[in-house]
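Working notes, structure below.
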Amino acid sequence: MPPLPSQRPSSVADQLQTERIRALFGDYDRPLDSEKWTSTPHAGDQKGAKGLLARIRRHRDHRRQLKRARKAAQAAFGVKPRLSTRKRATLMMGAGAMGLTAFTGPPIQQSGDGVAPNNLSLDETERTIRLPAALLKASDAFKQALIEEEGVRYTVYRDVAGYPTVGVGHLVTPGDNLRVGDRIDEDRVLALLDRDLRIAEQGVRQLVGTLPLYQHEFDALLDLVYNVGLGNVSETESPRLNEAIRAADYEAIAAELDYTYAAGEIARGLEFRSERRAQIFMDASYDDPREI
């Protein structure tokens, strides 16, 4: 049976336009992870490390444009991506972390399906005023990003470096009375996260001293301390970072946020995390590079 008139292309021009749209969406769907631009253990060890910032900005702009195009396509065609089980779990845990009484501000509102929205951002004041680190704490946007990066584990396991770990990247200590294979509940996960964040916040204050920071700059340094430990950002281990802080050179600080090695080898997850950390510091963007 021949197609109905309404099904026939009205002209050759319409057919060409359809092919152009298909080609455009094919371009949008190409993978973004072919370039391994963070391939050194520390950005400061590169000659001309500030070139890293330009590459991050190019990647950031590319992803921003791609994300905008995909959102437009979703709106035009009524397509809504489904959240993975892991993504839903991290959003729920993020909602719990933001409701902890240890943090200032009201708990985040949940959407109708019980999952916290993933569009957290900083308000205009947090973006435009640098404050002493003593007055800053982890933002809600950072807490959600941290939980997405670390994941949530209820059973004690060994991380890529071989250390017993549980919850949201909590390194097990003798005082925790936990062994590999032990399980903990959500309340204890949140309690450990609360404690670890307070320790990391104090570590950032110790690291930067009197240097004033935007909220997003504080968050990026907080992620660094939480991820690698205060000892690894000391004067001995990270002299360029400390020198940049003393000089109040914010762009040089951004160039020193790239830590990608675990147990002597490059870890792909740490490459993504370094990229995310840098874009938080430079652009106040908390988006996960893996999802775009």
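With the condition kept exactly as written, say whether any residue in region 184-205 is surrounded by fewer than 14 Cβ atoms within 10 Å (Cβ to Cβ) and closer than 17 Å to residue 243 by Cα.
no
Name the residue, out of 141, 145, that is assigned to a helix (DSSP H, G or I), open to solvent by less than 80 Å² (accessible area, probe 1.4 Å) and in contact with a Ser or Thr (Cβ under 8 Å, 6 or more places away or on another chain). Walk me through it before giving the result.
On the way: 145 fails: in contact with a Ser or Thr (Cβ under 8 Å, 6 or more places away or on another chain).
Going through 141, 145 in turn, just one is assigned to a helix (DSSP H, G or I), open to solvent by less than 80 Å² (accessible area, probe 1.4 Å) and in contact with a Ser or Thr (Cβ under 8 Å, 6 or more places away or on another chain): 141.
Can you confirm whether region 245-252 contains a residue that is open to solvent by less than 40 Å² (accessible area, probe 1.4 Å), closer than 28 Å to residue 58 by Cβ and at pLDDT 95 or above?
yes
Just checking, does region 200-212 include any residue being under 25 Å from residue 286 (Cβ atoms) and touching a Pro at 6+ places or on another chain (Cβ under 7 Å)?
Checked against the condition, which is being under 25 Å from residue 286 (Cβ atoms) and touching a Pro at 6+ places or on another chain (Cβ under 7 Å), region 200-212 yields at least one hit.
Residues that are among the polar types (S, T, N, Q) and either touching a Ser or Thr at 6+ places or on another chain (Cβ under 6 Å) or on the phi < 0 side of the Ramachandran plot (or both): does region 177-191 have at least one?
Of all residues in region 177-191, those among the polar types (S, T, N, Q) come to 177.
If we keep only those that are either touching a Ser or Thr at 6+ places or on another chain (Cβ under 6 Å) or on the phi < 0 side of the Ramachandran plot (or both) as well, we get none.
No, region 177-191 contains no residue that is among the polar types (S, T, N, Q) and either touching a Ser or Thr at 6+ places or on another chain (Cβ under 6 Å) or on the phi < 0 side of the Ramachandran plot (or both).
Determine which member of the set 114, 105 is among the small types (Gly, Ala, Ser), surrounded by fewer than 13 Cβ atoms within 10 Å (Cβ to Cβ), modelled with pLDDT under 95 and under 30 Å from residue 211 (Cβ atoms).
So the residue among 114, 105 that is among the small types (Gly, Ala, Ser), surrounded by fewer than 13 Cβ atoms within 10 Å (Cβ to Cβ), modelled with pLDDT under 95 and under 30 Å from residue 211 (Cβ atoms) is 105.
Suppose we filter 236, 210 for residues that are open to solvent by 30 Å² or more (accessible area, probe 1.4 Å), among the β-branched types (Val, Ile, Thr) and either within 15 Å of residue 256 (Cα to Cα) or in contact with a helix residue (DSSP H, G or I) (Cβ under 8 Å, 6 or more places away or on another chain) (or both); which single one remains?
Result: 236 is the single residue among 236, 210 that is open to solvent by 30 Å² or more (accessible area, probe 1.4 Å), among the β-branched types (Val, Ile, Thr) and either within 15 Å of residue 256 (Cα to Cα) or in contact with a helix residue (DSSP H, G or I) (Cβ under 8 Å, 6 or more places away or on another chain) (or both).
The values are calculated or read from the model by the stated rules, or taken from the named source; none is laboratory data. Please read these numbers as outputs of a predicted model, since none were measured by experiment. Here Cβ is always computed from backbone atoms with ideal geometry, including for glycine, and neighbour counts include all displayed protein chains. Just the protein is used for accessible areas: all its heavy atoms, side chains included, with ligands, DNA and RNA removed. Shrake-Rupley method; radii C 1.70, N 1.55, O 1.52, S 1.80 Å.
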